[in-house]
Amino acid sequence: MLNWIERRTGFISMAQDFLTEDVPGGASYWYVFGSATLFAMILQITTGIFLTFWYAPSAATAWESTRAIYLNPFQHFVLSLHYWGSSAMIALVFLHLLQVAIFGAYKSPRELQWVVGVLLLLVTLVLGLTGYLLPWDMNAYFASQVSLNITGTAPIAGPFIQQLAQGGGVMGTETINRFFGLHVWLMPAALVALVGAHLAIFRHNGPAGPVVDDPRTLKKPGRFWPDQMFMDTVASFFVFLLIIFLSFISPPFLDQKADPTVALFVPYPAWYFLSLFGLLNLFPPQLDTVATIYIPTLFLLVVLAIPWIDRSMTRSFGSRKGVLWGLAIVTLVIVGLSMQSQFSIMGKQAAGPPALSEAQILAPAQAAATPAASSSSSASSATHGASVFSQNCSSCHGAQGQGMPGTFPPLANNPVVVGDPNNVINIMKNGLTGAIAVNGQTFNGTMPAWKSQLSTQNIADVITFIRSSLGNNHASAVTAAQVGK
Ligand code: HEC
């Protein structure tokens, strides 16, 4: 049987040839990062294909279909695998690059394999960036807006690329479609092609092996099969277990649907972009492009050129002190910048309005799906009120009731909102104009009258919601009968 296949295809001898490759100096756990990255890539492609079955890319459906995924336990688990898989893949690409750099495995004749590897890192980062937008929640929207605006500040082609990626002057369905196309077609295609090239070059030159001055001192070569293959499998399996574990204990979080009118949202970048955020904090606003464009581009060029910068014939650690110190310093700076921006973002978020819990965000869907139950208890009228709020009030008062300085008063932690219910009912029904003061700040604008816009029940529910769910508000519910009076 095998002979029959072999004679017609040559597959068997190809597989044997592939597996019996020599590993100089024997198999080692140092070499598992590349194959573990490959494993993560396969996991991403598999879970990603499943997600396209459920996800609908457009401004009207992206968040809604993502929410549907969150509400289905199996789909949510696949999404969690994809979420943690992306972090794993990026971390493994970094580790793989770092290992190759420390071992000096980029040296002649492997320069092009290094270059293709750095390009793979870039493609992986673009995959992370484009995937970040797709849930179309607040964080996805505002973080992607930051990256699009940064693109727009690049010299020469910047504004053009921003327009192209954004699909017009503002972010919307076009943007989701462009990012979706990049995320599921162009970038994966580039990834698979580059991985193919990376492996082909690897086969051509063979593994670099351990760092020794004199190759003759090596013990006789080990075999890829079964020694290295075993270690690779152990490592990939460990990565897989870790991803499953994290998916269970810490699944991703869906924020409220993207609302462009909210002025005070503090976006949180993916962890692998935190260092760039930190770099941005170091520069005054007029020098932003130094941090966002020039330093990263220069850094990338230097990384690409490492094989030509470190030209010594030997790979031994002793004679490459400069390169190793450089690597250590750059790694420390990246980690330091990431931590610095992590703390600064946490500080800003703590100073901002408190976020809604995931239950509150996901709940309106369930309330809408069962309208009959929505007015039966004060808990469900608050959930129904949350959707009335996001449709009618959040455009002025902010998604979390944080308001906007000078014009729209905050509803979170506002004494009037949690005070006498009749007063709130009166404001809601008849509107409000003229200057008012909330917690020592003045606001002057016009609050529309809602009595002809919303049903009595909707007014009661939205008041119940703002009195009980925004910020630290914990005041009593309001019934339709009270509003009707
Ligand atoms: C078009 C913008 C806009 C919308 C939409 C809007 N509001 Fe207002 N709201 C205001 C402004 C402006 C004020 C302050 C009026 C003033 O300065 O006298 C206000 C005031 C209030 C106040 C009184 C706050 C205080 O401290 O006195 C409450 C309560 C309130 N709004 C609730 C709501 C609710 C609930 C909704 C949704 C049904 C809503 N608002 C929709 C603009 C708006």
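Quick notes
- Top-ranked residue of the range 408-434 - restricted to ones that are near the ligand (Cβ under 6 Å from one of its atoms) and surrounded by fewer than 18 Cβ atoms within 10 Å (Cβ to Cβ), ranked as nearest to F389 (Cα to Cα): I427
- Any chance I12 is more than 39 Å from the chain's Cα centre (by Cα) and surrounded by 12 or more Cβ atoms within 10 Å (Cβ to Cβ): yes
- The set of residues from the range 152-164 being polar (S, T, N, Q) and closer than 13 Å to V290 by Cα comprises just one member, T153.
- Scanning the range 444-469 for residues that are over 36 Å from the mean Cα position of the chain (by Cα), buried (at least 19 other Cβ atoms within 10 Å of the Cβ) and within 6 Å of the ligand (Cβ to nearest atom) yields one hit, W450.
- Flag for P73 being buried (at least 21 other Cβ atoms within 10 Å of the Cβ) and more than 22 Å from T297 (Cα to Cα): no
- Taken together, T61, T52, T46 contain a single residue that is within 17 Å of F179 (Cβ to Cβ) and at pLDDT 95 or above, which is T52.
- In the set G196, G209, only one residue is under 24 Å from Y106 (Cα atoms) and either of a type in the set (D, E, K, R) or modelled with pLDDT under 85 (or both); that residue is G209.
Yes or no, residue by residue, for (1) at pLDDT 85 or above; (2) hydroxyl-bearing (S, T, Y); (3) assigned to a helix (DSSP H, G or I):
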{"position": "S381", "(1), (2), (3)": "no, yes, yes"}
{"position": "A399", "(1), (2), (3)": "no, no, no"}
{"position": "V416", "(1), (2), (3)": "yes, no, yes"}
{"position": "V424", "(1), (2), (3)": "yes, no, yes"}
{"position": "W450", "(1), (2), (3)": "yes, no, no"}
{"position": "A460", "(1), (2), (3)": "yes, no, yes"}
{"position": "S468", "(1), (2), (3)": "yes, yes, yes"}
{"position": "A477", "(1), (2), (3)": "yes, no, no"}
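- Against the list (1) touching a helix residue (DSSP H, G or I) at 6+ places or on another chain (Cβ under 8 Å); (2) farther than 21 Å from A382 by Cβ; (3) more than 6 Å from the ligand (Cβ to nearest atom), the condition N473 fails is (2).
- Any pair with Cβ under 8 angstrom, 6 or more apart, that starts in the range 152-166 at a residue that is assigned by TED's automatic domain parsing to the domain that holds R178 and more than 17 Å from N177 (Cα to Cα) and ends at one that is surrounded by 13 or more Cβ atoms within 10 Å (Cβ to Cβ) and among the acidic types (D, E): T153/D288
The values are calculated or read from the model by the stated rules, or taken from the named source; none is laboratory data. Just so it is clear, the structure is predicted and the values come from calculations on it, not from any experiment. Cβ coordinates were reconstructed from backbone atoms using ideal geometry, including for glycine residues, and neighbour counts include every protein chain displayed.
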